[in-house]
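Encoded as structure tokens, the structure appears first; notes follow it.
The values are calculated or read from the model by the stated rules, or taken from the named source; none is laboratory data. The structure presented is a predicted model; accordingly, all values stated were derived computationally and were not measured. Positions of Cβ are backbone-derived with ideal geometry, glycine not excepted, and every protein chain shown enters the neighbour counts. The accessibility values were calculated without ligands, DNA or RNA, using every heavy atom of the protein model including side chains. Shrake-Rupley method; radii C 1.70, N 1.55, O 1.52, S 1.80 Å.
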Amino acid sequence: MKWAASLLRDLAGWLRREPVSVPEGGRAISHSADARLAIWAVTAADLVVEAVVDAVVPATLRVFHLLWVGCALVLCAGVCAMTARTPHLLDGRVLRLRTGPFRELTLPMSHVMSVRAEHGLTVGHGLRRSPDDAEAVACSVGSATTVLLVLAAPVEVRVRRGAPVLARRVRFSADRPAEAARLIREAAGRRAGPGTPDFRRAVRDERGQSPEGTGV
């Protein structure tokens, strides 16, 4: 019921074009535009099929078919609204990686060592372990990720299945990965302060290199 209430609330806010709530001093990082596009494409194709089905459904059952189509449309639109209205949130203390209806991950900015735009693929959705890396997790609506975050110390992440993961690497998606990486580096740099080792780690560019060219 809580999930359904959140879906309807976000859908109503999306339809009314209400601004997304962002804490004072924080920054929003949009994500999952590609997933929303895929959902709308599948929904549009399904509506065409349902129109054909509706033409052959007996009149006595047509109202139930239309009710089914309406519920499916609300569900698809609601999931899109939930992902659009729950951007990642960044401030000087934490980075909240959010996935709409599929859980979220909060990371302390003091743990950020480097960040860069990097396309990857971790099968599944939401907050999940990486099958190819025992020290990595992914947090995204779909399988595709576009940003890699490297942590200075492992963070315990509780996933839906299995034991917690001691994660040193976090993959997530952002609509503009290079800009997202820049914002996170700037936030980490402000927290560490110029001239400190943590600051020098935080300003590594999206290729994973420091000003001297040392890789991650």
ask   = What whole-number value in Å² describes the accessible area per residue of the stretch 69-172 for a 1.4 Å probe?
value = 42 Å²
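So what's the back-of-envelope 222 nm ellipticity for the chain, counting only DSSP H runs of four-plus at -39500 (n - 2.57) apiece and dividing by all residues, rounded to 500? Numbers along the way, then the final one.
Working: 5 runs with 86 residues, N = 216.
Calculated at 222 nm, the ellipticity per residue is -13500 deg cm²/dmol.
Nearest 20 debye, what's the magnitude of the dipole of the chain about its Cα centre given +1 on Lys and Arg Cβ and -1 on Asp and Glu Cβ? Please list the in-between numbers first.
On the way: 30 positive and 21 negative charges, 117 e Å.
Once rounded to the nearest 20, the dipole reads 560 debye.
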inquiry  = Between Val150, Val112, Val52, where does the largest GNM mean-square fluctuation fall for the chain, given springs only between Cα atoms within less than 10 Å?
reply    = Val52
query = Got a sec to turn the phi values of the stretch 70-76 into Karplus ³J(HN,Hα) couplings, 6.51 cos²θ - 1.76 cosθ + 1.60 with θ = phi - 60°, whole Hz, x for Gly and Pro?
reply = x, 5, 5, 5, 5, 4, 5
ask   = Lys/Arg Cβ at +1, Asp/Glu Cβ at -1, dipole of the chain taken about the Cα centre: which of Val115, Val147, Trp68 is farthest positive-ward?
value = Val115
request  = Report the accessible area of Phe102, computed with a 1.4 Å probe over the heavy atoms of all protein chains in place, in Å² rounded to the nearest 10.
outcome  = 60 Å²
message = Could you compute the longest span of the chain free of GluC sites (Glu not before Pro) located in DSSP loops and having at most 11 other Cβ atoms within 10 Å, not counting the site residues?
response = 25-211
request  = Please get the size of the charge dipole for the stretch 1-84, origin at its Cα centre, with Cβ charges of +1 on Lys and Arg and -1 on Asp and Glu, quoted in debye to the nearest 20.
outcome  = 220 debye
Distance (nanometres) between label positions extended 7 Å along Cα→Cβ at Arg62 and Leu8 = 2.8 nm
inquiry  = Over the stretch 1-66, with the other protein chains present, what is the accessible area per residue in square angstrom, probe 1.4 angstrom?
reply    = 74 Å²
query = For the chain, what is the percent of antiparallel DSSP beta bridges, rounded to the nearest 5?
reply = 90 percent
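Once neighbouring chains are kept in place and the probe is 1.4 Å, which whole percent of the accessible area of the stretch 80-157 is contributed by carbon and sulfur? Before the final figure, lay out each step's value.
Working: 1540 of 2830 Å².
So the carbon and sulfur contribution to the accessible surface is 54 percent.
Of the chain, which part is the longest with no trypsin sites (Lys or Arg not before Pro) in a loop (DSSP not H, G, I, E, B) and with at most 16 other C-beta atoms within 10 angstrom?
Values: sites that count: Arg16, Arg17, Arg93, Arg103, Arg158, Arg160, Arg161, Arg207.
With a cap of 16 other Cβ atoms within 10 Å, the longest stretch comes to 18-92.
Kindly identify the chain as rounded, prolate or oblate by the Cα gyration tensor criterion: order the square roots of the eigenvalues as a ≥ b ≥ c, call it rounded if a/c is under 1.5, otherwise compare a/b with b/c, prolate if a/b is larger, else oblate. Don't skip to the answer; put the middle values down first.
Details: a/c = 2.64, a/b = 2.23, b/c = 1.19.
Cα axes put the chain in the prolate bin.
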